[in-house]
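Report on the following structure.
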Amino acid sequence: MVRKILSKREIKAFHVPEREIKAVPILERFDENPILGPQPTHWWESKAAFNPGAIYAQGKVHIVYRAIGDSNVSVLGYASSIDGFHIDERLDKPIYVPRESFEGAGLVYPAESNPQVTYVSAEDDEEEEGEGDYVSGGGGLGGCEDPRLTKIDDRIFMTYVAFDGYSPPRVALTSIYLDDFLAKNWQWKKPVLISPPGVIDKNACILPEKIKSKYVIFHRIFPDILIDFVDDLDFDGTTRWLKGEFKIRPRAAYWDSRKVGAGAPPIKTKDGWLLIYQAIGEGDPGRYKIGAMLLDLKDPTRVLARSGEPIMEPEAWYENEGWKAGVIYPCGAVVIKDRLLVYYGGADRVTCVASVKLDKLFDHLIGARVAVPSAVGAPPAAVGITPVAPVKLKQIWAYCLKCRVKREMKNPITITLKNGRPAVQGVCPRCGARMSRLGRPGG
């Protein structure tokens, strides 16, 4: 079904006076961003539609995006575009919902059904006071977050963050036959966890080709991009986990000095694997920025080139007016003709696209070969670079519903809710309204 994504009235509801936008030399924002936004009439995506994975197949871009609605549970929706910019189709129902306990199966869902997807229901729909407000970065009450799609042979593999609302988020893996995906026959394979328990692991994606007969998986445990080589993708979900064999680290004194994470699955080019990534710097810890790396075709642990400066920063209004200001979060990228299209979430609320000609991006990266040292493209013992140590933040940031902006929480205290979940509670320093955030400080 073709739908108008955001009406002028909807945009006006969270628009702010126009600010001066910094010139962005590399990625160019689509003039009609955002291309997807919340749908108030859809219970499952009434609050946010963001962080989109994407693949190009049969002459169109297929977008699978994270959605949050009335239940505050993350599910996945589908949209497509022939030219990569304008949405031609958007489905009314989610195509993927939590099915396992580790991703929040059993959380609250409205009593409506979709014949193509099996829904879960909750035995206990009691809502703890203060929990009902959407909390970005933790998936609300749980669910399936931030999908990345990789086509390998006749299957599409999807990695995503599985969050049960309490335990540290982990990487989950599922797949679907390409023919079923294109036919919108949502026969997803049973998901399994592939990252170890007790550790926050996110930003996972899979290289679209084997290297020396092994699959390559990128993921992130703060503050590094980790790389694993595995014999197969048949994880059992109980004993076999990703290990983080290789690391690509933040760089001291650069824009990506605090933490780095893989964005879209790498794209093969004649010059190397092109990896779009997101990062945060120590000097600007509240803002996500986007960069690019070029990895060796035969050894993707080798960083051949890396952005000396971000190729895009959060400057547009839709990247700062939402549930989490200052966030641009890429999860998908495709190449159409000679142009790279990067799909990203803006302020944890909307889906956007930016693009650049490949030649222009490569000129930027090749120029960075000598000027910018690559991080760690080998096991830590084999390099002489000191990693950037994690910094414990004393500040606790949360979204103030009254001011409609993210602020540093005043007088934060750690509490335990009646259902056993940890949370941080405080007040807005500007208006005095109560603020809350699920999870422990720094979690």
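The values are calculated or read from the model by the stated rules, or taken from the named source; none is laboratory data. It should be emphasised that the depicted structure is a prediction, and the values quoted were computed from it without experimental measurement. Every residue, glycine as well, gets a Cβ built from its backbone with ideal geometry; the counts of neighbours run over all protein chains shown.
What to note about this one:
Yes/no matrix, rows are residues, columns are (1) of a type outside the set (D, E, K, R); (2) in contact with a Phe, Trp or Tyr (Cβ under 8 Å, 6 or more places away or on another chain); (3) in contact (Cβ under 8 Å) with a residue 40 or more places away in the chain:
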residue	(1), (2), (3)
Cys144	yes, yes, yes
Val161	yes, no, yes
Trp188	yes, yes, yes
Asn203	yes, yes, yes
Asp231	no, yes, no
Gly237	yes, no, yes
Arg251	no, no, yes
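- Inter-residue pairs, beta-carbon under 8 Å, first under 16 Å from Ile63 (Cβ atoms) and in region 33-47, second basic (Lys, Arg) and part of a strand (DSSP E or B), 6+ apart: Leu36/Arg90
- Test result for Thr269, of a type in the set (S, T, N, Q) and farther than 20 Å from Ala354 by Cβ: no
- Lone qualifier among Val117, Val161, Val108 - being among the aliphatic types (A, V, I, L, M), in contact with a strand residue (DSSP E or B) (Cβ under 8 Å, 6 or more places away or on another chain) and modelled with pLDDT under 50: Val117
- Qualifying positions in region 157-187 - among the hydrophobic types (A, V, I, L, M, F, W, C) and either part of a loop (DSSP other than H, G, I, E, B) or under 19 Å from the mean Cα position of the chain (by Cα) (or both): Phe157, Met158, Val161, Ala162, Phe163, Val171, Ala172, Leu173, Ala183, Trp186
- Sole exception among (1) in contact with a strand residue (DSSP E or B) (Cβ under 7 Å, 6 or more places away or on another chain); (2) closer than 26 Å to Leu173 by Cα for Thr239, by number: (1)
- Pairs, first closer than 16 Å to Arg155 by Cα in region 54-70, second among the charged types (D, E, K, R), C-beta under 6 Å, six or more apart: Ile55/Lys151
Residue-wise test of (1) over 20 Å from the mean Cα position of the chain (by Cα); (2) surrounded by fewer than 16 Cβ atoms within 10 Å (Cβ to Cβ); (3) among the aromatic types (Phe, Trp, Tyr); (4) not assigned by TED's automatic domain parsing to the domain that holds Arg170.
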{"site": "Glu209", "(1), (2), (3), (4)": "yes, yes, no, no"}
{"site": "Asp224", "(1), (2), (3), (4)": "no, no, no, no"}
{"site": "Thr239", "(1), (2), (3), (4)": "yes, yes, no, no"}
{"site": "Lys270", "(1), (2), (3), (4)": "yes, yes, no, no"}
{"site": "Ile290", "(1), (2), (3), (4)": "no, no, no, no"}
{"site": "Val303", "(1), (2), (3), (4)": "yes, no, no, no"}
{"site": "Glu315", "(1), (2), (3), (4)": "no, no, no, no"}
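- Of all residues in region 150-160, exactly one satisfies the criterion of being buried (at least 24 other Cβ atoms within 10 Å of the Cβ) and touching a helix residue (DSSP H, G or I) at 6+ places or on another chain (Cβ under 9 Å), namely Tyr160.
- Test result for Asp201, within 19 Å of Ala264 (Cβ to Cβ), in contact with a His (Cβ under 8 Å, 6 or more places away or on another chain) and surrounded by fewer than 23 Cβ atoms within 10 Å (Cβ to Cβ): no
- Test result for Ala264, in a loop (DSSP other than H, G, I, E, B), assigned by TED's automatic domain parsing to the domain that holds Gly322, farther than 21 Å from Leu340 by Cβ and small (Gly, Ala, Ser): no
- For region 406-443, the set of residues classified as over 20 Å from Leu141 (Cβ atoms) and either assigned by TED's automatic domain parsing to the domain that holds Lys202 or modelled with pLDDT under 70 (or both) consists of Gly442 only.
- Residue list for region 172-211, filter: farther than 14 Å from Met158 by Cα and touching an Asp or Glu at 6+ places or on another chain (Cβ under 9 Å): Asp179, Asn185, Ser195, Ile211
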